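Structure record follows, encoded as structure tokens.
The numbers here are math on the coordinates, done by the rules we state, and not lab data. Everything numeric here is computed off the predicted structure, so don't read it as measured data. Every residue, glycine as well, gets a Cβ built from its backbone with ideal geometry; the counts of neighbours run over all protein chains shown.
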Amino acid sequence: MMKFIDLDRQYEIIGKEIEERMAHVIQEKSFIMGPEVTELEDKLAAYVDRKHAITCASGTDALVIPLMAYELKKEDAVFVPAFTFYASAESVVLGGATPVFVDCDDTYNMDTEDLERQIQRVLREKKLNPRGIIPVDLFGQPADYDEILEIAKKYNLFVLEDAAQGFGGIYKGKKAGSFGEVSATSFFPAKPLGCYGDGGAVFTDDDSLAAKMKSIRVHGMGSNRYDNVRMGMNGRMDTLQAAVVIPKLAIFDEELEKRNRVARLYRKALEDKYIVPRVKEGKVSSWAQFSLLAKNRSHREEIIRRMKEKEIPVMVYYPIPLHLQTAFGYLGYAKGTLPNCEEYSERIFSIPMHPYLSDEEIGQICCLLTEMA
Ligand SMILES: *Cc1c(COP(=O)(O)O)cnc(C)c1O
């Protein structure tokens, strides 16, 4: 069976170093906030060119921690794309506010025209106060930051970049993780830069926001661990996980080049038959996913079935847009309100994507897809 994301091949390259680093943590028993955590934070901050990198327990916590720092209320609206992983919007509710969903464009990222339309609707309706925007770098491609930051300025909103999938991506020479007041990423094993469990990080240039987020990470601590000045959480990243990410970060740029090679080969072989991902000018994707559009839902089902027969895994990201999720039923969205993401959720599918796909595997995948186009 071919793997959707093959972590074995990466392990062949850096497995020994990962094991040595993990063994060192176990020897030292420095499981909580050991020196590897600080080492990783320094390296991550340098990588994305931000003043502060604060590691945490997951990508979800990396979104919740800044949202808690903003001290949001239920009447506060935070604008989130509807076509993304659930945590992008779940975090808004956990942070105490109300998500307002925005449709996507043909790159699957937040449609900035619809963003402004939704902000104006909220202002007209006067039930919620616009406070922030969470653009998502979906499938590895950074969102439209020039437009988004301009809209944020115009309406006085904070921008929290969700770079869980986009880490490693580039927008006009700047790395994903460096946009807006604060950015979040995830080290879930299947993300472009993953650990061996859950992990995440928050990035900012703002000293006072950084201090507040560090406090929230450890139960809202004040001058010491038993002085608590606000509500927080247990949101620390394990030292063992930091020990895994450090050697992975060292080969990350090489891996990104390899992912881009795979994407180029896929594009060349499939662009005449399928709608392949469009990467906008000035952007480099980290290729968290390579997604294609089938003609319709039944065409997609046929593709998935035939690929499975040949032991090629296919995934659907995302089958239900967030505004139609049961858990967000209380927001009262009807089907048809965000037409692009509703259509894509019926047609989209993702094929294996990792740095170590061989020409033979790529050929096999493209050959079968071409037959079914
Ligand atoms: C994975 C993901 C998250 C959450 O990350 P976890 O580490 O799984 O908590 C948030 N946003 C997006 C877009 C993601 O893909």
Restricting things to alpha carbons, find the Rg to Rh ratio for the range 126-252 using the Kirkwood radius for Rh.
1.01
Can you sort Leu270, Leu369 so the residue with the fewest Cβ neighbours within 10 Å comes first?
Leu270, Leu369
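Relative to the compact globular guide of 2.2 N^0.38 Å, what is the alpha carbon radius of gyration of the range 285-373, as a ratio?
Against the compact-globule rule of thumb, the ratio is 1.26.
Please compute the contact order of the chain in relative form: average sequence separation of alpha-carbon pairs under 8 Å and at least six residues apart, divided by the residue count, as a percent.
Worked out over the chain, it gives 21 percent.
Please work out whether the range 49-90 counts as rounded, prolate or oblate from its C-alpha gyration tensor, where a ≥ b ≥ c are the square roots of the eigenvalues and a/c under 1.5 means rounded, while otherwise a/b larger than b/c means prolate and anything else oblate?
It comes out oblate by the Cα gyration axes.
I'm checking a number: the convex hull volume of the Cα atoms of the range 170-329, normalised per residue, in Å³. What is it?
Numbers: hull volume 30.6 nm³, N = 160.
Spelled out: Cα convex hull of the range 170-329, divided by residues, is 191 Å³.
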Report the far tail of the P(r) of the range 1-120, meaning the percent of Cα-Cα pairs longer than 18 Å.
70 percent
So what's the back-of-envelope 222 nm ellipticity for the chain, counting only DSSP H runs of four-plus at -39500 (n - 2.57) apiece and dividing by all residues, rounded to 500?
-13500 deg cm²/dmol
With T = 20 °C, eta = 1.002 mPa s and Kirkwood Rh from C-alpha pairs, the Stokes-Einstein D of the chain in µm²/s is about 101 µm²/s
Between Arg225 and Lys3, what length in nm is gained on full extension when 0.36 nm per residue of separation is reduced by their alpha carbon distance?
75.5 nm
Under 20 Å from a point 7 Å along the Cα-to-Cβ line of Leu94: which residues of the range 144-166 have their amide N that close?
159-166
Tell me, Val64, Val182 in order of fewest to most beta-carbon neighbours within 10 Å?
Val64, Val182
Expressed in nm², what is the orientationally averaged projection area of the convex hull enclosing the Cα positions of the range 91-200?
7.1 nm²
Three principal axis extents, largest first, for the C-alpha atoms of the range 248-290, in Å?
37, 21, 13
Which value in Å is the Kirkwood Rh of the range 272-332 over different Cα pairs?
14.4 Å
Would you compute, for the Cα atoms of the range 55-146, the largest minus smallest coordinate along each principal axis and list the three values in descending order, in whole Å?
36, 31, 22
